[in-house]
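Below you'll find the structure, written out as structure tokens, and then a few comments.
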Amino acid sequence: MNKVRWGLLSTANINRLVIPAIRASTRGELVAVASRSLEKARQYAEKWSIPHAFGSYQEMLDSGKVDAVYISLPNHLHAEWSIRALQAGVHVLCEKPFALSLEEVDAMIAASRASGRVLAEAFMYRYHPQTKIVGEWVRSGRLGEIILTRGIFTFKIMQRDDVRLIPEYGGGCLWDVGVYPLSYAQYVFGGPPQAVFGRQWVGDSGVDEDFTGLLWYPGGGMAQIASSFRSPLHTHFEIIGTEGRLILNRPFIGMQDGRRLEFYPAEGEPQEIPVPEQELYLGEVEDMHAAILDGATPYLSLEETRNHVRTALALYQSAKQGQAIDLETFSK
């Protein structure tokens, strides 16, 4: 095998961003799409010029026509269909949030190990050159000791029947967009927090439509995160160290449009840091190709992914109980 044959497991709207990345990659090709309706799958395949359409997810997994799948189903189905794909011998790139419980995460990891197939979380921004440059600055000590990160991701949901507002589907703004600043903080500090405190506003939908969190890290560092479904689109991430700070106006999405990565030193004038251009979703696709075809270690480890879910769950429990949660003992 010198190319990875990709299938889309669902016809979710986010596929429109992943399809160009697969087609722009050097070692991947998009060959199939599956939906619960064969008619819908065929219509989608025609629209996007995809050779094969399947009227059930399992049918595509069992067809022998795909080597890997991108799973963009509603959150509560991520674990089930990742496991089914792995058991069918198919590699999996699963959209965030990876799963809604640690039991699901552990079952997914076990299925990956048992099948020998690659399993990865689709946090596309982590693979972009901008994020990797930030990591290099932090690890090299150019910012000094990291004291604080502040991150926000908001956008306004206009339709009340949106799947992200359904509790039993794993809805909520923390799961949907709050996990971006959460995961970025974990990346900067090199691991999960020691303790968290969360506050949420639950709408008539029954899910958190506003969520803020405070995360404490080993060594005294802290992170502030905020997310919302009730405020217009806004993203921001700031890293504050003893020797300066980095500010990103497009840390997660929209990097092709007015992106700025700026360094504010302890002394002297601020400077803009150049970032190579790259299609946002291409990195995660190429990383899968390297893992599948070359046996490379995935850039985003499953341990990191497990800690994303673990931290989000702890924040939800904190918001429910109204008190800080110690991650050392948290296991739900």
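The values are calculated or read from the model by the stated rules, or taken from the named source; none is laboratory data. Computed from a prediction, not measured in an experiment: that's the story for all the values here. So basically every Cβ, Gly included, is an ideal-geometry build from the backbone, and we count neighbours across all protein chains shown.
Take ALA195 and decide whether it is under 17 Å from the mean Cα position of the chain (by Cα) and in contact (Cβ under 8 Å) with a residue 40 or more places away in the chain.
Numbers: under 17 Å from the mean Cα position of the chain (by Cα): no; in contact (Cβ under 8 Å) with a residue 40 or more places away in the chain: yes.
No: the conditions fail for ALA195.
Can you tell me which residues in region 217-249 are outside any strand (DSSP E or B), in contact with a helix residue (DSSP H, G or I) (Cβ under 8 Å, 6 or more places away or on another chain) and within 24 Å of LEU280 (Cα to Cα)?
PHE229
So the check is Cβ under 8 Å with 6+ separation or different chains; which pairs have a first residue in region 84-101 that's more than 15 Å from SER10 (Cβ to Cβ) and a second one that's in a loop (DSSP other than H, G, I, E, B) and of a type in the set (Asp, Glu)?
Here the result reads HIS91/ASP67, each pair linking region 84-101 to a residue that is in a loop (DSSP other than H, G, I, E, B) and of a type in the set (Asp, Glu).
Identify the residue in region 211-261 that is of a type in the set (Ser, Thr, Tyr), closer than 28 Å to ARG164 by Cβ and in contact (Cβ under 8 Å) with a residue 40 or more places away in the chain and, among all such residues, is surrounded by the most Cβ atoms within 10 Å (Cβ to Cβ).
SER227
May I ask you to list the residues in region 81-112 that are in a helix (DSSP H, G or I) and either surrounded by 23 or more Cβ atoms within 10 Å (Cβ to Cβ) or assigned by TED's automatic domain parsing to the domain that holds GLY172 (or both)? Spell out how you get there, then give the answer.
Just the residues of region 81-112 that are in a helix (DSSP H, G or I), to begin with: 81-87, 102-112.
SER82, ALA85, LEU86, VAL105, MET108, listed by residue number.
Suppose the filter is under 26 Å from GLY213 (Cα atoms) and out of contact with any His (no Cβ under 8 Å at 6 or more places or on another chain); does ALA296 pass it?
On the way: under 26 Å from GLY213 (Cα atoms): no; out of contact with any His (no Cβ under 8 Å at 6 or more places or on another chain): yes.
No; evaluated as a whole, the condition is false for this residue.
Quick one: count up the residues across region 1-10 that are outside any strand (DSSP E or B) and crowded, with 21+ Cβ neighbours inside 10 Å.
1
What about GLY28, is it surrounded by fewer than 16 Cβ atoms within 10 Å (Cβ to Cβ) and modelled with pLDDT of 95 or more? Write out each step before concluding.
Values: surrounded by fewer than 16 Cβ atoms within 10 Å (Cβ to Cβ): no; modelled with pLDDT of 95 or more: yes.
So GLY28 does not fit the description; no.
Tell me, which residue of region 31-57 that is assigned to a helix (DSSP H, G or I) and of a type in the set (D, E, K, R) is farthest from VAL18 (Cα to Cα)? Explain how you work it out, then say what you get.
Residues of region 31-57 assigned to a helix (DSSP H, G or I): 38-48, 57.
From what is left, the residues that are of a type in the set (D, E, K, R) are 39-40, 42, 46-47.
Details: GLU39: 22, LYS40: 19, ARG42: 19, GLU46: 17, LYS47: 15 Å.
Once the filter is applied, the top-ranked residue is GLU39.
Which ones in region 276-320 are under 10 Å from VAL118 (Cβ atoms) and small (Gly, Ala, Ser)?
ALA290, ALA291, GLY295, ALA296
Give all pairs with beta carbons closer than 7 Å in which a residue from region 16-42 that is touching a residue at least 40 places away in the same chain (Cβ under 8 Å) meets a residue that is crowded, with 19+ Cβ neighbours inside 10 Å and part of a loop (DSSP other than H, G, I, E, B); count only pairs at least 6 apart in sequence or on separate chains.
As it stands, the answer is LEU17/TYR281; VAL18/TYR281; ALA21/TYR281, since those pairs meet every condition given.
What number of residues within region 279-316 satisfy the criterion of being in contact (Cβ under 8 Å) with a residue 24 or more places away in the chain and assigned to a helix (DSSP H, G or I)? Spell out the reasoning first.
Let us first name the residues in region 279-316 that are in contact (Cβ under 8 Å) with a residue 24 or more places away in the chain, namely 279-289, 291-293, 298-300, 302, 304-316.
Applying the additional criterion that residues be assigned to a helix (DSSP H, G or I) yields 282-289, 291-293, 302, 304-316.
Adding up the residues that qualify gives 25.
Kindly indicate whether THR311 is buried (at least 21 other Cβ atoms within 10 Å of the Cβ) and either touching a Leu at 6+ places or on another chain (Cβ under 9 Å) or outside the structural domain of TRP201 (by TED's automatic domain parsing) (or both). Break it down into steps so the answer makes sense when it comes.
Details: buried (at least 21 other Cβ atoms within 10 Å of the Cβ): yes; either touching a Leu at 6+ places or on another chain (Cβ under 9 Å) or outside the structural domain of TRP201 (by TED's automatic domain parsing) (or both): yes.
It is true that THR311 is buried (at least 21 other Cβ atoms within 10 Å of the Cβ) and either touching a Leu at 6+ places or on another chain (Cβ under 9 Å) or outside the structural domain of TRP201 (by TED's automatic domain parsing) (or both).
Before we move on, is GLU279 over 21 Å from GLN186 (Cα atoms), surrounded by fewer than 19 Cβ atoms within 10 Å (Cβ to Cβ) and in contact with a helix residue (DSSP H, G or I) (Cβ under 8 Å, 6 or more places away or on another chain)? So that I can check it myself, show each step before the final result.
Values: over 21 Å from GLN186 (Cα atoms): yes; surrounded by fewer than 19 Cβ atoms within 10 Å (Cβ to Cβ): yes; in contact with a helix residue (DSSP H, G or I) (Cβ under 8 Å, 6 or more places away or on another chain): yes.
Considered against the rule, which asks whether it is over 21 Å from GLN186 (Cα atoms), surrounded by fewer than 19 Cβ atoms within 10 Å (Cβ to Cβ) and in contact with a helix residue (DSSP H, G or I) (Cβ under 8 Å, 6 or more places away or on another chain), GLU279 comes out as yes.
Provide a single number: the residues in region 255-278 that are assigned to a strand (DSSP E or B) and acidic (Asp, Glu). If you could, list the steps in order and put the result at the bottom.
Applying the first criterion (assigned to a strand (DSSP E or B)) to region 255-278 yields 261-265, 271-272.
Going one step further and asking which of them are acidic (Asp, Glu), we end up with 262, 272.
So the count comes out to 2.
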